[in-house]
Amino acid sequence: MTFLFTTERLQVRPLNIGDIVALHKMHSNPKVMQYTDSTTNSIEEERVNLKKILDCYEKPNNDYWIWGVERKSNNELIGTCAMLKSKIADSDFPKDEIGYRFLEDCWGNGFGNEITKGLLNYAFTQCGKTEIVAEVDELNVASIKILEKHLIFVKAYYSEEYKSNDRKYRIDKTTFLSRNQEQ
């Protein structure tokens, strides 16, 4: 299997139809979906969503990438990470945005921190991105801690679309690479 990128404990790959059970376990959990713009999914809804993701892999100039995150130790799918074009508040054009999601039983193990750093590195060194943004609901304290570590806070605002108080973050390639060179 070819991986897009790896970190110390994780490996990232395209999703496949065999991931349906793990994805449904994650997306049917109200705690996992609490701070997303989605609701929990039935198995049939999950099949439809997975097919859309797999179809995107085949599109030329695709700007919607969702990949599987596995533990290196056992090749178990424990989450997803994403890089997509999205309309960000106060912007007239789409931005490159990242995100991640993990099974609840994987929370608190540092995987979010690890995948964020790996995803930023991949975006800047392999995909030619020059700036990455991320948005998070202000109630999602765990994700805020991760974004504060890797990106730069831009502002807090009320999202009319999602009816939530959100926080916006960004980082450019030069800043990211110089920070990681210092470490």
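The values are calculated or read from the model by the stated rules, or taken from the named source; none is laboratory data. Computed from a predicted structure; not experimentally measured. Glycine also receives a Cβ, built like all others from the backbone with ideal geometry; neighbour counts cover every protein chain displayed.
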Are there any strands (runs of 3 or more DSSP E) wholly within the stretch 64-183 with 3 or more residues that are of a type outside the set (S, T, N, Q) and within 16 Å of Phe5 (Cβ to Cβ), and if so which? 64-71, 77-86, 95-102
With the first residue restricted to the stretch 1-12 and required to be within 17 Å of Trp107 (Cα to Cα) and free of Cβ contacts under 8 Å to residues at least 60 places away in the same chain, and the second required to be part of a loop (DSSP other than H, G, I, E, B) and among the aliphatic types (A, V, I, L, M), Cβ contacts under 8 Å at 6 or more apart or on different chains are none
Selected residue [modelled with pLDDT of 95 or more, surrounded by 14 or more Cβ atoms within 10 Å (Cβ to Cβ), of a type in the set (Val, Ile, Thr) and more than 17 Å from the chain's Cα centre (by Cα)] from Ile53, Ile66, Ile20: Ile20
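What do you reckon, is Glu138 more than 23 Å from Gln11 (Cα to Cα), touching a residue at least 24 places away in the same chain (Cβ under 8 Å) and not hydroxyl-bearing (Ser, Thr, Tyr)?
Numbers: more than 23 Å from Gln11 (Cα to Cα): yes; touching a residue at least 24 places away in the same chain (Cβ under 8 Å): yes; not hydroxyl-bearing (Ser, Thr, Tyr): yes.
So Glu138 passes the test.
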In the stretch 1-52, anything more than 25 Å from Ala134 (Cα to Cα) and of a type in the set (Val, Ile, Thr) is listed as Thr2, Ile17, Ile20, Val21, Ile43, Val48
Taking Lys31 and the conditions (1) charged (D, E, K, R); (2) within 17 Å of the chain's Cα centre (by Cα); (3) assigned to a loop (DSSP other than H, G, I, E, B), which numbered condition does it fall short on, given that it satisfies the others? (3)
